[in-house]
Amino acid sequence: MDSQKISTDKWKNEILNTEQEFNDYAQKEGIPKAFLAFAADDAVLIRNDSLIVGKMAIAHFFNQKKTVSNMASLVWKPDFVDVAASGDLGYTFGKYTYTTTDSIGNEHIYTGVFHTVWRKQSNGRWRFVWD
């Protein structure tokens, strides 16, 4: 096996592990905290045909939706991961399930697909720049 393949496989595994940590953190600490913890400072979210640019704007977005996000759960798993040969940018896509509970206890389940772009930070950690 050549060294480029070994490096690429290592980076893919790092991204997959980060995705799992992100998902686990969302289950334990809630969606807003997880998105803020795993976002790069210049991350961009696309929600409802709008772009939310930067970590501060992401925090504001979740603060506006505090009631909804406190009554919701989000679970996802990548079906695919790839990484640039340079090892500093990668992406994943897969399926998610978003579950909310309304004020009278009815559960609503939504499913879909996600696409996340990851960038390796100067500290070696992967953080998303697009979700």
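Against the condition out of contact with any Lys or Arg (no Cβ under 8 Å at 6 or more places or on another chain) and in contact (Cβ under 8 Å) with a residue 60 or more places away in the chain, how does residue 58 come out, does it pass?
Against the criterion (out of contact with any Lys or Arg (no Cβ under 8 Å at 6 or more places or on another chain) and in contact (Cβ under 8 Å) with a residue 60 or more places away in the chain), residue 58 does not qualify.
Are any residues in the range 82-102 part of a strand (DSSP E or B) and either within 14 Å of the chain's Cα centre (by Cα) or over 24 Å from residue 20 (Cβ atoms) (or both), and if so, which ones?
90, 91, 92, 93, 94, 95, 96, 97, 98, 101
Among the listed residues 13, 17, which satisfies the condition of being free of Cβ contacts under 8 Å to residues at least 40 places away in the same chain, exposed (fewer than 12 other Cβ atoms within 10 Å of the Cβ) and not charged (D, E, K, R)? Steps first, answer last, please.
On the way: 13 fails: exposed (fewer than 12 other Cβ atoms within 10 Å of the Cβ).
Only one candidate passes the filter, namely 17.
Is the range 66-74 home to any residue that is more than 13 Å from residue 18 (Cβ to Cβ), surrounded by 14 or more Cβ atoms within 10 Å (Cβ to Cβ) and within 12 Å of the chain's Cα centre (by Cα)?
yes
Considering each of 39, 26 in turn, give the residue that is under 21 Å from residue 123 (Cβ atoms) and either surrounded by 14 or more Cβ atoms within 10 Å (Cβ to Cβ) or basic (Lys, Arg) (or both).
39
Could you check, for the range 114-125, whether at least one of its residues is over 30 Å from residue 4 (Cβ atoms) and surrounded by 15 or more Cβ atoms within 10 Å (Cβ to Cβ)?
Narrowing the range 114-125 to residues over 30 Å from residue 4 (Cβ atoms): none.
Within the range 114-125 (the criterion being over 30 Å from residue 4 (Cβ atoms) and surrounded by 15 or more Cβ atoms within 10 Å (Cβ to Cβ)), the answer is no, since none of the residues qualifies.
So residue 79 passes all but one of these: (1) exposed (fewer than 12 other Cβ atoms within 10 Å of the Cβ); (2) not in a strand (DSSP E or B). Which condition number does it fail?
So the condition that residue 79 fails would be (2).
How about the range 1-59: which of its residues are part of a helix (DSSP H, G or I) and β-branched (Val, Ile, Thr)?
Selection gives 6, 8, 15, 18, 31, 58.
Would you say residue 81 is under 20 Å from residue 25 (Cβ atoms), touching a residue at least 60 places away in the same chain (Cβ under 8 Å) and among the β-branched types (Val, Ile, Thr)?
Here the answer is yes, as residue 81 does meet what is asked.
None of the figures in this text is laboratory data; all of them are computed from the coordinates on show. Quantities reported herein were computed from a predicted structural model and do not represent experimental measurements. Ideal geometry is used to build each Cβ from the backbone, glycine not excepted, and the neighbour counts take in all protein chains shown.
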